[in-house]
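Here is the structure we will look at.
The values are calculated or read from the model by the stated rules, or taken from the named source; none is laboratory data. Quick caveat, the model's predicted, so the values are computed rather than measured. Glycine gets a Cβ as well: all are built from the backbone with ideal geometry, and neighbour counts include every protein chain shown.
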Amino acid sequence: MTDFEPTIDNPDRIDDDDTPVESTARSRDLAIRRRRKWIMRALVVVVGLGLWVQGQPLWRTVIAMALGYVIIATGLAVLGAFARPLPEPPPPGELRRVKLQYRCSTCGAELRMTLANDRIPTPPRHCADEMDLVTALEDV
């Protein structure tokens, strides 16, 4: 997505600010992170106050709040890592199309390589040994 200029149907309500509104994925991600942190902190404080009001000692309440914050923050970070998209592929020219066939001399497994950064890359490893190149070098 790109930046856009917000408009509404009623011209009387259009404000004088004509700066474009940032609507990139990064800005939305940062806004969501800020909101989640605020909600998480508020939840931890509310639970901590509830424990303290119920008669728990203050030091236990503070420890519970700190541990709760760390556990929730770690969980959200792990879940957030799953939600982020894969990185963009490298620019054209860094990887070349190849058609190489490799075979493991130990177990017989075969592998076909279609992209590589070199014309003839180093062979992959399988069964703790380098695989043998089956494709003839004249075909490369």
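The set of residues in segment 111-131 that are small (Gly, Ala, Ser) and surrounded by 10 or more Cβ atoms within 10 Å (Cβ to Cβ) contains only ALA116. In segment 90-107 there is at least one residue matching the filter, namely being closer than 30 Å to ALA31 by Cβ, under 25 Å from the mean Cα position of the chain (by Cα) and not small (Gly, Ala, Ser).
For first residues located in segment 52-77 and in the same structural domain as ILE39 (by TED's automatic domain parsing), partners that are among the small types (Gly, Ala, Ser) and lie 6+ apart or on another chain with Cβ distances below 7 Å form the pairs THR61/GLY48; ALA64/GLY48; MET65/GLY48. Can you say whether ALA109 is more than 30 Å from LEU133 (Cα to Cα), modelled with pLDDT of 70 or more and of a type in the set (Gly, Ala, Ser), as far as the supplied structure shows? Answer is no for this residue.
Restricting segment 45-79 to residues that are among the polar types (S, T, N, Q) and assigned to a helix (DSSP H, G or I), the residue that is modelled with the highest pLDDT is THR74.
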